[in-house]
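Before we start, here is the structure in question, set down as structure tokens.
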4 protein chains.
Amino acid sequence: MAPEPAPEWRTSAWLNTPEPLSLGGFRGRVVLLHAFQMLCPGCVAHGIPQAQRVAKLFEGAPLAVVGLHTVFEHHAAMGAESLRAFLYEYRVPFPVGIDAPGPAGDPIPRTMRAYAMQGTPTTILIDAQGRLRRQVFGVHDDLLLGAEIGSLLAEMEQQRLDATDAAGHCTDGRCEVGAGAATRDRLS
Amino acid sequence: MAPEPAPEWRTSAWLNTPEPLSLGGFRGRVVLLHAFQMLCPGCVAHGIPQAQRVAKLFEGAPLAVVGLHTVFEHHAAMGAESLRAFLYEYRVPFPVGIDAPGPAGDPIPRTMRAYAMQGTPTTILIDAQGRLRRQVFGVHDDLLLGAEIGSLLAEMEQQRLDATDAAGHCTDGRCEVGAGAATRDRLS
Amino acid sequence: MAPEPAPEWRTSAWLNTPEPLSLGGFRGRVVLLHAFQMLCPGCVAHGIPQAQRVAKLFEGAPLAVVGLHTVFEHHAAMGAESLRAFLYEYRVPFPVGIDAPGPAGDPIPRTMRAYAMQGTPTTILIDAQGRLRRQVFGVHDDLLLGAEIGSLLAEMEQQRLDATDAAGHCTDGRCEVGAGAATRDRLS
Amino acid sequence: MAPEPAPEWRTSAWLNTPEPLSLGGFRGRVVLLHAFQMLCPGCVAHGIPQAQRVAKLFEGAPLAVVGLHTVFEHHAAMGAESLRAFLYEYRVPFPVGIDAPGPAGDPIPRTMRAYAMQGTPTTILIDAQGRLRRQVFGVHDDLLLGAEIGSLLAEMEQQRLDATDAAGHCTDGRCEVGAGAATRDRLS
């Protein structure tokens, strides 16, 4: 089944960034969107540290890590001021959007609803073309998450090379196979 | 720098497999070669469990996990019989080759020498064309290892599609870009 | 140096208990007082889980585990409502007092000040006579904490036996040595 | 039930000590006897590291940590030479006795049999009078083990004080209560 465009993010505020972010601004980069609640034990023990490790390990790669605070319970206990203190104390370095409250009577915020998330933590991967490629509820394995990231980065690199090939090497009705191979290798 | 062919494995015996294995037999699959010593604490605590997790998580994918017992110290304490008991007690499911002893006077076994390993554990990735793509001495991070595996698997899939494209779609001096895209997606 | 009486607790509210608690009410039991802040990473990752394990492992022993929320930073982010949600989400079963705010201009709450705590987490042991016996700032080792608890419990048991001996057996100017020995053994 | 004398140790050799040890030589000290097999995963991952931590944390206290290699399976794989390499590689600092083989036809070694151990790891506590006070098969909790050690150390200290009291203070038909209290306090 072909991947679908990821739903736009609907937020009421952003922390750790000078200006609001939108999904469109990340075209050309793989995005790890980490949806969490600051009082969700699994998020604090596993999800947030994992997102922090990804942010650090893939620094320099065309990958962005973005947090999304999707509060669907204890709303009064997890307001913006509490979140700000949380991000400071836990040294969360990446931008975090506050998911916009749902319509009256709906405790589920709007982005969480649009992605049909089951709860927190939820780990979401969006490819360089803005398509939703992976959504995992609960603790996600480092090896698997790494493989998914590596695959999307490799795919993106391949598309870049194909584009280059198309422009530069598939001329005169000929495609020079492997034209981009020399620069293609991320591993060795 | 273009990747080089991985050195052939030189072993004196194999465990967990009915017949001896050689690198050539793994063409078409990515290989994770885990070099260890059964009395190396870092191997037992980190390397072996990581290789076991990879074997389990990527079951079904074109990836093979192979162990290599590269004893370069305490040779008498880590003979074949001890290794056999170790593999049994630690429930190591994948094939393990015993690295062939070096020439007289050299405590370093032959495959370890050929790969210029610095010690154990060493994690080695070989691509589907038999080329050495990654070699890490010491504890290797799950996220990074996952990304390297994901990248090699994606690259392999891409080459398979390119080959298909080449055979089927680059006809009449034209290459139909994206011909294999529909089946290309491993993630969603 | 002889141990001193532990300072009284000064709190503004209590959670997880139908009525306010005071140190005096714990005479005859060893008390583990765990001082924490709900947004302190070391408390959440180590201190709170350790206190929870102590509460569970020593259930039935004359030992009480009591929490103390000693907020000295981000006061607005860690109010009573946030704490209540935190205790619920983290399944904290023991009573937690909210340390009373200090006088105007002092961010350090009153009990924290009285015990001269350096920060959070702080683990405090108070003996069955209400005396302060141990105060550790930072992550405290399970083995050492266990030994301290075991020692205080054994001491308390000994005093109980001595008291029994004194009342029942040290009569007529004679002390029957070992009178309580048969019931003295907690281990086997 | 009153504690019984711990069975004597029957060993074929000792490592990490210049001369053979016997239980009798530890009178006046609490003994943690850690029975293990070098190829037992639970021993390597939990039991040995725990015994190492105890040895380090209670350095200076009247507590001895002693290992016992109770091989009851894969005998050929865990001979003295393999054990020696294991102790070296895992930096085991305490003395380790090799449990004496059982009579012909019995795979269970003699000390293991005498203590009726169920397997490895087994953690055994022997008090300062040589009595068996605790025997736990499998992973033992740090907090509980700590409490048991603390209790035995406190009991031993108490007995020392009682002995002092008896000799020095219970004279003329009078026992001065608390005579040893000032020096009694291990915690503060």
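Computed from the coordinates by the stated procedures, all read-outs in this text should not be read as laboratory data. Keep in mind it's a predicted model, so treat the numbers as computed, not measured. As a convention, Cβ positions derive from the backbone with ideal geometry for all residues, glycine included, and neighbour counts pool all protein chains shown.
Between C and B, which C residue has the Cβ nearest their rotation axis, distance in Å?
C:45, 10
What residue among C:63, C:90, C:7 has its Cα farthest toward the positive end of the dipole of chain C, where the charges are +1 on Lys, Arg and -1 on Asp, Glu, each on the Cβ?
After comparing all options, I get C:90.
Something else: From the label point of residue D:105, set 7 Å along Cα to the beta carbon, how far off in nm is each other copy's matching point, shortest first?
5.4, 8.2, 8.9
Is it possible to state the helix-based mean residue ellipticity at 222 nm for chain A, with each DSSP H run of 4+ residues giving -39500 (n - 2.57), the sum divided by total residues, to the nearest 500 deg cm²/dmol? What is it? List each step's numbers first, then the result.
Details: 5 runs with 56 residues, N = 188.
Taking each H run of at least 4 residues, the total per residue is -9000 deg cm²/dmol.
When the Cα atoms of region A:11-141 are enclosed in a convex hull and the volume is divided per residue, what value in Å³ results?
About 106 Å³ per residue, rounded to a whole number.
Going 7 Å from Cα along the Cα-Cβ axis for the label, what nanometre distances separate residue D:141 from the same residue across the other copies?
With the label placed 7 Å along Cα→Cβ, residue D:141 yields 2.0, 3.0, 3.5 nm.
Using a 10 Å cut-off around each Cβ of peptide C:123-133, what is the average number of partner chain Cβ atoms that fall inside?
Mean partner shielding for this stretch: 1.
I've got another one for you. If you take the beta carbon distance between residue B:57 and residue D:106 as r and set R0 to 51 Å, what does 1/(1 + (r/R0)^6) give as a FRET efficiency, to the nearest 0.05? If you can, show how the numbers build up before the last one.
Details: r = 43 Å, r/R0 = 0.84.
So, using R0 = 51 Å, E works out to roughly 0.75.
For region D:123-143 and region C:127-157, what is the separation of their C-alpha centers, rounded to whole Å?
For region D:123-143 versus region C:127-157, the Cα centre distance is 20 Å.
Fully extended, how many nm does the chain gain between residue B:136 and residue B:73 (0.36 nm per residue separation, minus their Cα-Cα distance)? Spell out each step's value before the answer.
Values: separation 63, 0.36 × 63 = 22.68 nm, distance 2.00 nm.
Between residue B:136 and residue B:73, full extension yields 20.7 nm more.
Mind pulling the angle between the C-alpha long axis of helix B:80-89 and the longest principal axis of chain B? Nearest 10 degrees, somewhere in 0 to 90.
Rounded to the nearest ten degrees, it is 60.
Here's something else I'd like to know. Can you tell which of B:18, B:116, B:145 lies farthest toward the positive end of the dipole of chain B, using +1 and -1 charges on the Cβ of basic and acidic side chains (Lys, Arg; Asp, Glu)?
With unit charges placed on the Cβ atoms, the residue in question is B:18.
How tilted is helix A:142-168 with respect to the longest principal axis of chain A? Cα atoms for both, answer in degrees (0 to 90, nearest 10).
It is inclined by approximately 40 degrees.
Spin-label point model (7 Å from Cα, Cβ direction): what's the residue D:17 to residue D:160 distance in nm?
Taking the two extended label points, one gets 2.1 nm.
How shielded is D:82-95 by partner chains, expressed as the average number of their Cβ atoms within 10 Å of its Cβ atoms? Walk me through the numbers on the way to the answer.
On the way: counts 11, 1, 3, 10, 7, 1, 4, 10, 4, 1, 0, 0, 0, 0.
Mean shielding by partner chains, rounded to a whole number: 4.
Right, here's the next one. Defining the label point at 7 Å along Cα→Cβ, can you sort the distances from residue A:41 to the same site in each other copy, shortest first, in nm?
From this label point to the equivalent ones elsewhere in the assembly: 2.0, 2.6, 3.1 nm.
Over chain C, what is the mean sequence separation of C-alpha contacts under 8 Å (at least six apart), divided by residue count, expressed as relative contact order in percent?
Relative contact order, chain C: 28 percent.
Now for a separate question. To the nearest 20 debye, what is the magnitude of the charge dipole of chain C about its Cα centre, counting +1 on the Cβ of each Lys and Arg and -1 on the Cβ of each Asp and Glu?
Numbers: 16 positive and 20 negative charges, 42 e Å.
Taking the Cα centre of chain C as origin, the dipole is about 200 debye.
Going through region B:1-83, which GluC sites (Glu not before Pro) have at most 10 other Cβ atoms within 10 Å and a DSSP loop state?
Working: sites: B:8, B:59, B:73, B:81; in loops: B:8, B:59, B:73.
Within region B:1-83, the qualifying GluC sites (Glu not before Pro) (loop, at most 10 other Cβ atoms within 10 Å) are B:59.
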